[in-house]
Amino acid sequence: MWLYNNTPIASIEDMPENTFGFIYITTHIPTGKRYLGKKSLYHTTTKKLGKKELAEQPVTRGRAKTTKQVTKESDWKTYYGSEEFIKHAIKNKLHHEFTREIIHFVPSKKLLTYYECKYQFIYGVLESDEWMNTNVLGKFYAKDFA
C-alpha cells in the first residue's frame, strides 16, 4: 500500500487532480535502507491497427497510418522501485519487508524528472549508506563519493 502523509493511496482518484506521477521513498524495514525514485501513473505505447481500423481510415494523400498511440495506467500500484535489491526481494515475495511513501505528487513528465533529482540531491542519496540509489540521472554516481 502506498502512503501519503500517513493516508493510504489505493487509486488514482485518491491523488490530486492532474497528477502525472509521484516521487516516492521505498524503505527496507529490516535494514532501514531507503530508495528514492519517481513513478508515472500512465505509459504510452504504440499499437498496430487491426484490419477493421485500417479499413475505416479515410482515403488521403500519402501513406496511411498503421499504428496508434495507446495510453494505459502503469503498474504503479504494485511497484516498489527499480533498484536490483528491491526487484529481487519483490520477486521472492518479500513485499512485507518494505514500506512505500509518496512524498510529492507531480503534474507533468518534465517536472517528474526535475523533482526526482531535486529530492535526490536534498536527501544526499549518493553520499550516504542509508540509501540504495547508485546514481542520479545516470550522470552522478555513488562510487564517485567513495
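Brief remarks on what is shown
- Count of region 10-69 residues which are within 30 Å of residue 81 (Cβ to Cβ) and hydrophobic (A, V, I, L, M, F, W, C): 10
- Within region 1-26, residues that are in contact (Cβ under 8 Å) with a residue 60 or more places away in the chain reach partners that are in a loop (DSSP other than H, G, I, E, B) and open to solvent by 30 Å² or more (accessible area, probe 1.4 Å) with beta carbons closer than 6 Å, at six or more positions or on different chains, in the pairs 18/107; 20/107; 20/108.
- Conditions (1) open to solvent by less than 40 Å² (accessible area, probe 1.4 Å); (2) within 15 Å of the chain's Cα centre (by Cα): number failed by residue 42: (1)
- Residue count, region 45-78 (criterion: surrounded by 10 or more Cβ atoms within 10 Å (Cβ to Cβ), over 10 Å from the mean Cα position of the chain (by Cα) and in a loop (DSSP other than H, G, I, E, B)): 5
- Residue count, region 84-123 (criterion: part of a strand (DSSP E or B), touching a Ser or Thr at 6+ places or on another chain (Cβ under 8 Å) and open to solvent by 40 Å² or more (accessible area, probe 1.4 Å)): 2
- Condition met for residue 21 (more than 19 Å from residue 120 (Cβ to Cβ), out of contact with any Gly (no Cβ under 9 Å at 6 or more places or on another chain) and either modelled with pLDDT of 95 or more or open to solvent by less than 70 Å² (accessible area, probe 1.4 Å) (or both)): no
- Set 81, 37: member being crowded, with 17+ Cβ neighbours inside 10 Å and either touching a Cys at 6+ places or on another chain (Cβ under 7 Å) or part of a loop (DSSP other than H, G, I, E, B) (or both): 81
- Given (1) open to solvent by 50 Å² or more (accessible area, probe 1.4 Å); (2) farther than 24 Å from residue 111 by Cβ; (3) in contact (Cβ under 8 Å) with a residue 12 or more places away in the chain, number of the condition residue 32 does not satisfy: (1)
- Selection within region 124-146 - open to solvent by 70 Å² or more (accessible area, probe 1.4 Å) and either touching a strand residue (DSSP E or B) at 6+ places or on another chain (Cβ under 7 Å) or not in a loop (DSSP other than H, G, I, E, B) (or both): 130, 134, 140, 141, 143, 144, 145
The values are calculated or read from the model by the stated rules, or taken from the named source; none is laboratory data. Being a predicted model, the structure only gives us computed values, none of them experimental. A quick note on method: Cβ atoms are made from the backbone with ideal geometry, for glycine too, and the neighbour counts reach across all protein chains shown. Surface areas here come from the heavy atoms of the whole protein model, side chains and all, with no ligands, DNA or RNA. Shrake-Rupley method; radii C 1.70, N 1.55, O 1.52, S 1.80 Å.
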